[in-house]
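The values are calculated or read from the model by the stated rules, or taken from the named source; none is laboratory data. Remember, it's a predicted structure, so these values are computed and weren't measured experimentally. Neighbour counts are summed over all protein chains in view; Cβ atoms, including those assigned to glycine, are modelled from backbone coordinates with ideal geometry. Just so you know, the surface numbers come from the protein's heavy atoms only, side chains and all, with ligands and any DNA or RNA stripped out. Shrake-Rupley method; radii C 1.70, N 1.55, O 1.52, S 1.80 Å.
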Amino acid sequence: LHKEDEQESRKAQKEASRLYPQPLQKFSALRNVNVNNALLSNIAEQGYKEPTEVQLATIPMLMPDDGTEPDLLTVAPTGSGKTLAFMIPLINKISKAHQQEVENASHRQVSAIIIAPTKELVTQIVNEGRKLAARTGVSITAFKKGMRLHEDISTAEHEDSASEPEDTIKTPLVKSDILVSTPLSLLNAITPSNSNSPLPLPNITNLILDEADVLLDPLFRTQTLALWSACTNTHLRTSLWSATIGSNIEELTTSTITTRQTTLKIKSKN
Ligand code: ADP
Ligand code: MG
């Protein structure tokens, strides 16, 4: 029995050090964890040297590029650098996945979705993301009306945008790795006009909700949760980022770490 306890405790310690790794002291220390070289130099070129508090806590946690990172809710003040905190691990993960792939870039499909409540935020995220992703082979796109994520879909959006036959208004499938969008426009794009339920997005393995408190407010909640449910991949990793935490998001999480100005909430894998 004693031995079993010991084994249990060692297992728990191992799990804890995986979930709560050493903080990242300097961005240059990412070199030691096999980070994409172009990403590392983009971080330096942008003039980022010391990670902010939220970055030093969350980046090591999200850095495993093998899909073992936890689902995470991060609460940290406005201006504390949350965009970089979710972008760096995401770009690194996708660049690593590309290295394993045999097919070429033109066959790529969206594997990550970032949802933000306003178009202005979407633009900011895309701009910041592209600076970090330069020369990594990872592409980032802002969702535009008419973009499709499914081969055969006729949405209400398409129908009222033109009276022409469907095939003349069809745009090609989105080929970008990361798609950034407000909730409603993306939801419309995956919901067929003759249906109330969105089509599944089985290829999405990362879902990021920025300003998650707003996205889970009554105004956006139904749309956000519908998009979340559409992400059916069993390897889906979700992270939520917010400046405040309300009961609307707290109920989604199981454990908490708090530092000076950052609160991390982790939902353990079952
Ligand atoms: P938040 O989303 O938490 O409100 P942002 O991600 O928008 O904050 O970042 C706010 C500003 O801080 C941005 O202009 C960004 O470029 C800058 N910033 C982020 N991380 C760092 C860093 N490690 N060092 C210096 N400036 C940073
Ligand atoms: Mg932000």
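May I ask you to verify whether V126 is under 23 Å from V214 (Cβ atoms) and either modelled with pLDDT of 95 or more or within 16 Å of ligand 2 (Cβ to nearest atom) (or both)?
yes
Mind listing just one residue for me: the one in region 90-121 that is open to solvent by 10 Å² or more (accessible area, probe 1.4 Å), within 16 Å of ligand 2 (Cβ to nearest atom) and touching a residue at least 12 places away in the same chain (Cβ under 8 Å) and, of those, nearest to T234 (Cα to Cα)?
P117
To keep it simple, each residue is scored yes or no on (1) away from ligand 2 (no atom under 16 Å from the Cβ); (2) open to solvent by 50 Å² or more (accessible area, probe 1.4 Å).
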{"site": "L40", "(1), (2)": "yes, no"}
{"site": "G47", "(1), (2)": "yes, no"}
{"site": "L56", "(1), (2)": "yes, no"}
{"site": "D65", "(1), (2)": "yes, yes"}
{"site": "K82", "(1), (2)": "no, no"}
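Given (1) buried (at least 18 other Cβ atoms within 10 Å of the Cβ); (2) away from ligand 2 (no atom under 16 Å from the Cβ); (3) polar (S, T, N, Q), identify the lone condition not met by T234.
The one condition T234 does not meet is (1).
Give, as residue ranges, the strands (runs of 3 or more DSSP E) completely inside region 153-270 that count at least 1 residues that are modelled with pLDDT of 95 or more and over 25 Å from P64 (Cα atoms).
On the way: elements: 178-181, 206-210, 237-242, 255-258, 263-267.
Ranges flagged: 178-181.
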